[in-house]
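Report on one structure; see the data block that follows.
The values are calculated or read from the model by the stated rules, or taken from the named source; none is laboratory data. Nothing here was measured: the structure is a model prediction, and the numbers come from that model. Cβ placement follows ideal geometry from the backbone for every residue including glycine, while neighbour counts extend to all protein chains displayed. The area values use the complete protein model at the heavy-atom level, side chains included, leaving out ligands, DNA and RNA. Shrake-Rupley method; radii C 1.70, N 1.55, O 1.52, S 1.80 Å.
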Protein chains: 2
Amino acid sequence: MSYTYDYPHPAVTTDIVIFTVDEAMLKTLLIQRGSPPFEGSWALPGGFVRIDEDVDACAKRELAEETGVRDIYLEQLYTFGAVGRDPRERVISVAYFALVPCRGLSLKAGTDAANAAWHSVNALPELAFDHRDIIAKARERLTAKMEYSTLGLMFMPEEFTLSEVQSLYETVSGQEQDKRNFRKWLLALDVIEETGAMKTAGAHRPAKLYRLKDTTGVVIIR
Amino acid sequence: MSYTYDYPHPAVTTDIVIFTVDEAMLKTLLIQRGSPPFEGSWALPGGFVRIDEDVDACAKRELAEETGVRDIYLEQLYTFGAVGRDPRERVISVAYFALVPCRGLSLKAGTDAANAAWHSVNALPELAFDHRDIIAKARERLTAKMEYSTLGLMFMPEEFTLSEVQSLYETVSGQEQDKRNFRKWLLALDVIEETGAMKTAGAHRPAKLYRLKDTTGVVIIR
DNA sequence: TCAAAAGTGTTAAGACTACACCCATGT
DNA sequence: ACATGGGTGTAGTCTTAACACTTTTGA
């Protein structure tokens, strides 16, 4: 089967920068390519937009295929449309970024996943296509948005302690925070609440557990 | 001549929301369609991305074709990729927005421009495709960005008065500002300078003229 | 001399920053 | 009892918001 047009058409893909925070590092999921071009290099998960599929739906599908996780934060990032970015044919890529919780993530077996691995964004391997630019842009957007919204909470699992949130923010921004000020700020946003339960973890005082309030998506601050 | 692929390919266009401020209204340039679909409705300027043309370059070209203006602010906005947005074939549109100065704009003769006109964003006519959504998104981004950057100055002509800048900000945001506070804020940003000249306009005290400092692009504040 | 827009400082309130000690637990 | 991370308040500084009169010009 083949498809014919009067004018040349580009191919359109989505690529997804999937962030998580683990071992005090901001990491992104990459897949090692098994065939040319860029054989052996690492690339962002992604794929072609089907002709009867919304671009957003394509990104959701790719995300589910790679991570097996549904209902996580996903946002369109930017569209990369330089002519030579794929040596095979003209490919325009609509990039997205996603945030998956620190804990509770299992990479899905099958498909490309055998070659999938998390990489610290501070020590990226050789990347295919313009994927280094895409990750750089995603990281910029992530750090900017974490300063004026509650986006960072999308990294948290169902229940979490205030210290966990703080250490997450410190990891992503690279800046240490004052404990008292951080807690005042976070609680004043009024988007999390105590669960009532405590988390015991070692030879020290247990920490209160919190969860997102029902109504909370990402809240823009100020 | 025709072009054949193994898999179906969408068409890709750019559409541009060109904003200006005129008569104390935020306006956008629209073109009345002369043929189906949506014949008679108004649409954003735009067109197909050529196979050997960067997506950004396509937006620049469309902008120049419509307005005859070069070197004005242009930023990628969002990519609209719902399946049914164009009834003819699958079309994915990479939307941009541009800011042209209040004064000194002449619509270019020729091409589609015979049917081009500025419309207040508060009183839009019937729009083709999903262009109402695109304009809504552009407006959101514009107002958000004007609060934390000097983007608004991109609306100003070469030389301008402080009162002109203030009234521009008031028009876009719909909020009145205190004159003294506004001037303090704007001058503290350190991105404009006096030209030395004055602007006389009627039976009142002349105003100092200002210009952007050499180095100034859009400055993110805070 | 009147009308119309330009220009100019001070004060009060609120937001942000810096900073140190006691608490609850496991070993 | 000690080591470990959890939890809490206050004072000083800086930023933001509110507010009204004088100046310069053309008619």
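Heavy atoms only, 1.4 Å probe, whole protein assembly: order B:198, B:25, B:146 by accessible area, highest first.
I get B:198, B:25, B:146, largest accessible area first.
Over 21 Å between Cα atoms, which of B:184/B:208; A:27/A:208; B:179/B:208; A:60/B:60; B:27/B:213; A:145/B:179 qualify?
A:27/A:208; A:60/B:60; B:27/B:213; A:145/B:179
What does the structure give for A:5-18 when I average, per residue, the other chain Cβ atoms found within 10 Å of the residue Cβ?
5
Modelled label-to-label distance, residue B:35 and residue A:89, 7 Å Cα→beta-carbon offset: nm?
2.6
Once a ≥ b ≥ c are taken as the square roots of the eigenvalues of the Cα gyration tensor of chain B, is the result rounded (a/c under 1.5), prolate (a/b larger than b/c) or oblate (a/b not larger than b/c)?
Cα axes put chain B in the prolate bin.
Say a label goes 7 Å from Cα toward Cβ at residue A:159 in every copy; what distances in nm does this one have to the rest, shortest first?
With the label placed 7 Å along Cα→Cβ, residue A:159 yields 6.9 nm.
The stretch A:64-78: which residues show an accessible-area loss of 30 Å² or more, assembly versus chain alone, 1.4 Å probe?
A:76, A:78
With every protein chain left in place, what is the accessible area of residue A:184 in Å² (1.4 Å probe, nearest 10)?
Counting only protein heavy atoms, the figure is 130 Å².
Given a 1.4 angstrom probe, what's the average accessible area per residue across the protein assembly as shown, in square angstrom?
Per residue, the protein assembly as shown has 51 Å² of solvent-accessible surface.
Label-to-label distances across copies for residue B:177, with labels 7 Å out along Cα→Cβ, in nm, shortest first?
In nanometres, ordered from closest: 3.1.
Mind checking the dipole of the protein assembly as shown: about its Cα centre, +1 per Lys or Arg Cβ, -1 per Asp or Glu Cβ, Debye to the nearest 20?
Computed charge dipole of the protein assembly as shown: roughly 1340 debye.
Where does each of A:211-221, A:29-39 land if you order them by average Cβ count within 10 Å, highest first?
A:29-39, A:211-221
Give me the percent of accessible area attributable to carbon and sulfur for chain A, probe 1.4 angstrom.
Its accessible area is 48 percent carbon and sulfur atoms.
Shape call for the stretch B:110-222 from the C-alpha gyration tensor, a ≥ b ≥ c root eigenvalues: rounded (a/c under 1.5), prolate (a/b greater than b/c) or oblate?
prolate
Where nothing but the Cβ of Lys and Arg (+1) and of Asp and Glu (-1) is charged, how large is the charge dipole of chain B around its Cα centre, in debye to the nearest 20?
Approximately 700 debye in magnitude.
Quick one: with label points 7 Å out along Cα→Cβ, list the inter-copy distances for residue B:68 in nm, shortest first?
Copy-to-copy label distances at residue B:68, shortest first: 6.3 nm.
Rounded to the nearest 100 Å², what is the sum over both chains of accessible area buried where A meets B, with a probe of 1.4 Å?
Using a 1.4 Å probe, the pair buries roughly 2800 Å².
Can you tell me the length gained on complete extension of the stretch residue B:221 to residue B:176, counting 0.36 nm per residue apart and subtracting the Cα distance?
14.1 nm
Pull up the DSSP beta bridges for the protein assembly as shown and report the antiparallel fraction as a percent, rounded to 5.
So the antiparallel bridges in the protein assembly as shown amount to around 75 percent.
Go ahead and estimate [θ] at 222 nm for the protein assembly as shown from helices alone: -39,500 (n - 2.57) per DSSP H run with n ≥ 4, summed, over the residue count, rounded to 500.
It comes out at -7500 deg cm²/dmol, rounded to the nearest 500.
Within 10 Å of each Cβ of A:87-98, how many other protein chain Cβ atoms are there on average?
Mean inter-chain Cβ contacts per residue within 10 Å come to 2.
When a/c is below 1.5 the answer is rounded, else prolate if a/b is larger than b/c, else oblate, so apply that to the protein assembly as shown with a ≥ b ≥ c taken from the square roots of the Cα gyration tensor eigenvalues.
oblate
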